[in-house]
1. Does region A:208-221 contain any residue that is within 14 Å of another protein chain (Cβ to nearest Cβ) and within 25 Å of the chain's Cα centre (by Cα)?
2. Can you pull out the residues in region A:121-136 that are under 19 Å from A:TRP409 (Cα atoms) and either of a type outside the set (A, V, I, L, M) or buried (at least 17 other Cβ atoms within 10 Å of the Cβ) (or both)?
3. Identify, please: which residue in region B:26-53 is in a helix (DSSP H, G or I), in contact (Cβ under 8 Å) with a residue 12 or more places away in the chain and over 12 Å from the mean Cα position of the chain (by Cα) and is, among those, surrounded by the fewest Cβ atoms within 10 Å (Cβ to Cβ)?
4. So, A:PHE394, is that one more than 28 Å from A:ALA14 (Cβ to Cβ) and of a type in the set (Phe, Trp, Tyr) or not?
5. Taking B:GLY11 as the residue in question, decide whether it is of a type in the set (Gly, Ala, Ser), more than 10 Å from every other protein chain (Cβ to nearest Cβ), part of a helix (DSSP H, G or I) and in contact with a Phe, Trp or Tyr (Cβ under 7 Å, 6 or more places away or on another chain).
6. Determine if region A:225-238 includes at least one residue that is away from chain B (no Cβ under 14 Å) and part of a strand (DSSP E or B).
7. What single numbered condition from (1) of a type outside the set (Asp, Glu); (2) in contact with a strand residue (DSSP E or B) (Cβ under 7 Å, 6 or more places away or on another chain); (3) over 26 Å from A:VAL442 (Cα atoms) fails to hold for A:SER397?
8. Out of all the residues in region B:50-58, is one or more within 8 Å of chain A (Cβ to nearest Cβ) and of a type outside the set (A, V, I, L, M, F, W, C)?
Amino acid sequence: MGWLHTWAGVVLGALLFAVFWTGTLSVFDKEIDRWMMPETRLAATDRPSWPPLLDTARELAPDAPFWSFFLPSERVPVVRIFYRNSAGDFTFRDIEPRTGVLLPDAGTLAGTRFIFPFHYSLHLRWNDLGYWLVGLAGMATLVLLLSGVVIHRKIFMDFFTFRPDRKLPRSSLDLHNLTGVLALPFHFVMALSGLIIFFTIYFPTVVSIAYDGDRAAFNRDAFGSFQRDAAGVPGSLAPLDRMAAEATRIWGGEPPYFVRVWHPGDVSATVEMRRTVARSVDLNVDAVHFDAATGEVLRTHAAAPVVHVQRFIAGLHFIQFEHWPLRWIYFLLGLSGCVMIATGYIYWLETRRKRHAAQGLPGVRIVEGLTVGSVSGIVIATLTFFVTNRLLPFDTSFVGQDRAALEVWAFYLVWLVTFAHAWARHGRAWREQCWAIAGLAVLAVVLNAATTGDHLVRSLAHRHLWPVAGMDLLLLFGAAVALLTALRLARRGSAPGPSQDALKEAE
Amino acid sequence: MVQRLLLAIAGGYFLAAGFAALMSLALSRVMPPSEAATLMAMPAFVIYFALLLWSFAERCLTRLWWVLGLGGALAFGGAEMLPALTGAPRG
């Protein structure tokens, strides 16, 4: 089991770190949205006002086959509408919930549209390649966790052991064991539930054989999807308030969080409402479908027992319910996973450095570049993403790429540069990248204050700006950790790799 | 080693997916097919996990070939044949 743990860890560690890191940030994806989309930093509202919202939708997407509205929640003060634009692209805009005022195009994918999808798809859409790579990483996590436990001799002792004053291999192994054992149940549950969320992607044959290839029938039975064809004859839309009230009554007082109008303006239009996921762990699939013209209930759906179990497991992973202490615990456990991967790499490097140097093997050199680029490199890339967001003016476009795409390009290009830097500046890469992290994190906070006026004194004083304050504080905390790490590394001269490298990524 | 790795990752997946497909088809006689598919697809990950571990622990590569390759082929073959054998319509 030892060789399996070592090889799987070294080969897949970089991918695992990227998934763990973006997953950890995704715990606060909506707060990152507030930070990166200053025009959505609004005071929370309770209920949206439908007539102005529908006017806005009609103006924005008169011929769209559907309008999907995500309603405001504790963490999101705006209505987000998804639709197909005239070019046929799936797109979204944010709307002020009470007045229906269309907020300016955010020009960013931010947390919910870049960082979160990166976590599960790596943004590699071709043949779902990204999903499969992340799935492989998920299975590898399970294998690594189990083989890690098996090669342990004293698992109980290790739980209480951390010797930061010892030599680097020992202290990094201690920290690797500590974070691995302490958060073992969390990592195991997250890896397995992450796989189970996408069971229709990972085991498509199970669904297609049971349904003879008819995926739509499966989605109807399992998740309650329903629509009927447009008639091509203009029709009216009954008040959505009344439908929402009816849905709320059916669900015992819980309101919808999602409303979709199918074929708006058509006589056979329907309205789909989905029950809020804010108050229970499971991501329920409860739905009510209305006839748009009359407001009559056409169909209701609730999960059957097994699908309910699947939605509960998915809910454990997504943590969409309202629970701030738990959200922070998820964040910290996610970070501990990042530390586990980084220290695993450092242990591998430090136990082989002398031998590889003596035998002239290139392994340490290669893996060290991989480690630096995938650990501190992705942190730098993420911070660059934030900084770019505050620097690019609205309506920027460059060589055919719009503003949102440019931010993403900045992320990937800088990430590549960190790998190049890690191999080129052998021995000094950790230190220099720590300096870069500290500088970029502080720069992000300064730019936020300068471009939006929401500096910490102001954001801490207003409840609706707390997401911004939280992000600024974490950036400053991360900068401080990176700074201390860099200074300590400098004092040690060219000795590489601190044991707490991954800690600095407190985002 | 490469052979073992391929066997573990591809063969293990083949058998796990085949077993889950066969079982979900069989179970859809007694429950809605959406339930049967979901019920079998979730433990399929655990089965795959167990097969992965076994593939790395088993010394005899030939046995791996037999169990994973033949077992997976039998499971998928059975899933294809089952509707014809029982004469029941699918789904």
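1. For region A:208-221, residues within 14 Å of another protein chain (Cβ to nearest Cβ) and within 25 Å of the chain's Cα centre (by Cα): present.
2. Residues satisfying the conditions are A:SER121, A:LEU122, A:HIS123, A:ARG125, A:TRP126, A:GLY130.
3. This residue is B:ALA26.
4. So A:PHE394 passes the test.
5. Criteria not met by B:GLY11.
6. yes
7. (2)
8. no
The values are calculated or read from the model by the stated rules, or taken from the named source; none is laboratory data. The model shown is predicted, which means the values in this text are computed figures rather than measured ones. Counting neighbours? That spans all protein chains shown, and the Cβs are built from the backbone with ideal geometry, glycine included.
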